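The values are calculated or read from the model by the stated rules, or taken from the named source; none is laboratory data. Here the structure is a predicted model, which is why all the values come from computation and not from measurement. Glycine also receives a Cβ, built like all others from the backbone with ideal geometry; neighbour counts cover every protein chain displayed.
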């Protein structure tokens, strides 16, 4: 598509194009495919190596599915849960949900099965999408649609049902759940307008256009999947959807074969891709224009390998809580960066650092909590005014989100992430709350108390979840193994502790409460002598490896 | 070959695996999450001096020790052929 032809069409505000192109103001995500559908109908929009869909097919199938949803009684504001496997068809589903003016709620199937009662009572969904395997996990009599429904749509005639927007741009587009300190997940509500603002603000940095080839590896229940799938296809880019395990050699092969131009990978995944140094050295990745990472602090050795491999490309560190719509600060990494900053705020995002007394920090190199405001800020947490009020702060009549992240501003006015203020951590790209782990541990009837912490593995520098479990009963190898097996049935795998201490001893603090921090500190010190063991018995100040 | 796979799993898990369990339980039931399975696969690549992209265009998560043995065999054969 050359620019002359492109000029005939209207272009959404976030797509980089010739200045003479007419700009259209898209206000609702039901319209998100209008631009590529009109301009590149027969171009491949998404492809997973086995199945692919053109923009025309995406537009038509999502319209047909939307019609089907409407026939099922789905109306504006209804919640539609998608038990999100990494299928191409999820893209059709999410757009169909928006065309029906309902709310897209992607949830990881395993998390759903462990908390189905919570999700069903809190969200009161009108419909749930999933694979046939998921059907049995649903507790209430809510309507279930299998992903197979999409295959059946192919039998319809190719009729495009035009999307007619009725609801307000302030309506909620999606709800994505994050870990909550009380063990109850918080549903972050993002409105259509905010996501469209995000597209505009972030694509100034990403620079997706109709010539780009994206690579989507993030699960659909992560908001990064919107960044690596929906944003690129809205610009006419083609996206390769990768649903397998992130094996370095395979991914590098795909990047080369599919001529990927934009790679977005949270730091855990980027580290994995980088782990096969020989393959990385040999791969021809000349098409890559941009590598974006984030979600956790990325190892500078990993970054340096990409800077060396791709001197022509931009390597970008991105930062953003789910509550501020995916990404709100970025930094283009330079080889001279000794500490990699999270950078500066995207257009129309505003940041402040606050000290412990709630005062704004103006000085450079002074640490404080990062607050973010602007036109990407969430609506609030679903049905949870108390938690919403806790994280919102008004400064000069503007609302800001308290991130809980401690940062400072360096000499170049770039923000640098230091750590967390509270008990939240990022592990393998997931935001986890230590309180949530404790909540699950205490569901076990024999555990009387639990202390939860995070320690860094000295060899791999990976974060490990470490817990001390307190029991009134005598601890043996058989007993500990039985407890671990029972806990596996209760705790989602990504929250499962890596190192476990079984104890009959409690440590009490000055207030008479159990001193969890001290228990974790002492346990962490003691396990150093046993680097090969993961399960321990703790008694009378002695430690004994159980495995 | 089974012995090699078990050794790798034990290294990744940080604990001993009962031989009687390996065909009774899935990898997840044995305590291996997807990141751990990935570590196992990377070690298999290392041991066979081959890489998974020579056989697979995409890597589905193996579910059982038998799946891992089959992957090992394929990679090993690939190395011999090369």
* Does residue A:168 count as over 28 Å from residue A:46 (Cα atoms), at pLDDT below 85 and surrounded by fewer than 19 Cβ atoms within 10 Å (Cβ to Cβ)? -> yes
* Among what's in the stretch B:34-60 and is in contact with a helix residue (DSSP H, G or I) (Cβ under 6 Å, 6 or more places away or on another chain) and surrounded by fewer than 17 Cβ atoms within 10 Å (Cβ to Cβ), pick the residue that is nearest to residue B:15 (Cα to Cα). => B:49
* Structure fact -> For the stretch A:177-193 the number of residues that are surrounded by fewer than 24 Cβ atoms within 10 Å (Cβ to Cβ) and more than 28 Å from residue A:491 (Cα to Cα) is 2
* Asked: Taking the stretch B:2-30, which residues are more than 13 Å from chain A (Cβ to nearest Cβ) and modelled with pLDDT under 80?
  -> B:19, B:20, B:22
* Under the condition of being within 10 Å of chain B (Cβ to nearest Cβ), surrounded by 11 or more Cβ atoms within 10 Å (Cβ to Cβ) and part of a helix (DSSP H, G or I), which residue from the stretch A:270-285 is farthest from the chain's Cα centre (by Cα)? -> A:279
* To do: Determine which member of the set A:62, A:121 is over 21 Å from residue A:217 (Cα atoms) and touching a helix residue (DSSP H, G or I) at 6+ places or on another chain (Cβ under 6 Å).
  => A:62
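Residue-wise test of (1) touching a helix residue (DSSP H, G or I) at 6+ places or on another chain (Cβ under 7 Å); (2) farther than 23 Å from residue A:411 by Cα; (3) at pLDDT below 90.
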site: A:287; (1), (2), (3): no, yes, no
site: A:298; (1), (2), (3): yes, no, yes
site: A:302; (1), (2), (3): yes, yes, yes
site: A:311; (1), (2), (3): no, yes, no
site: A:314; (1), (2), (3): no, no, no
site: A:319; (1), (2), (3): no, no, no
site: A:334; (1), (2), (3): no, no, no
site: A:343; (1), (2), (3): no, no, no
site: A:352; (1), (2), (3): no, no, no
* Asked: For the stretch B:46-63, how many residues are more than 7 Å from chain A (Cβ to nearest Cβ) and assigned to a helix (DSSP H, G or I)?
  -> 4
* Asked: Before we move on, is residue B:68 within 11 Å of chain A (Cβ to nearest Cβ), closer than 23 Å to residue A:85 by Cα and either in a helix (DSSP H, G or I) or out of contact with any helix residue (DSSP H, G or I) (no Cβ under 9 Å at 6 or more places or on another chain) (or both)?
  -> no
* Asked: Wholly within the stretch A:428-501, which strands (runs of 3 or more DSSP E) include no fewer than the required count, namely at least 2 residues that are free of Cβ contacts under 8 Å to residues at least 60 places away in the same chain?
  -> A:449-456, A:463-470
* Asked: For the subset of the stretch A:531-543 comprising residues that are within 21 Å of residue B:11 (Cα to Cα) and surrounded by fewer than 14 Cβ atoms within 10 Å (Cβ to Cβ), which member is nearest to the other protein chains (Cβ to nearest Cβ)?
  -> A:532
* Could you list, in sequence order, all residues of the stretch A:310-333 that are more than 22 Å from residue A:229 (Cα to Cα) and touching a strand residue (DSSP E or B) at 6+ places or on another chain (Cβ under 9 Å)? => A:310, A:333
* Asked: Tell me, which residue of the stretch A:244-268 that is facing chain B (nearest Cβ under 8 Å), surrounded by fewer than 23 Cβ atoms within 10 Å (Cβ to Cβ) and at pLDDT 90 or above is nearest to residue A:226 (Cα to Cα)?
  -> A:254
* State whether one or more residues within the stretch A:378-390 are under 26 Å from residue A:104 (Cβ atoms) and in a strand (DSSP E or B). => yes
* Asked: Among the residues of the stretch B:45-66, which ones are closer than 20 Å to residue B:21 by Cβ and without any contact (Cβ under 8 Å) to a residue 40 or more places away in the chain?
  -> B:61, B:62, B:63
* To do: Answer yes if at least one residue in the stretch A:116-139 is at pLDDT below 90 and either more than 25 Å from residue B:28 (Cβ to Cβ) or under 20 Å from the mean Cα position of the chain (by Cα) (or both), and no otherwise.
  => no
* residue A:77 versus (1) surrounded by fewer than 23 Cβ atoms within 10 Å (Cβ to Cβ); (2) closer than 22 Å to residue A:214 by Cα; (3) modelled with pLDDT of 90 or more: which is the lone unmet condition? -> (2)
* Please indicate, with yes or no, whether at least one residue in the stretch A:56-66 is assigned by TED's automatic domain parsing to the domain that holds residue A:250 and closer than 18 Å to residue A:208 by Cα. => no
* If you take the residues of the stretch B:31-45 that are modelled with pLDDT of 80 or more and within 10 Å of chain A (Cβ to nearest Cβ), which of them is farthest from residue A:215 (Cα to Cα)? -> B:32
* To do: Take the stretch A:222-243 and flag every residue that is under 17 Å from residue A:287 (Cα atoms) and within 14 Å of another protein chain (Cβ to nearest Cβ).
  => A:240
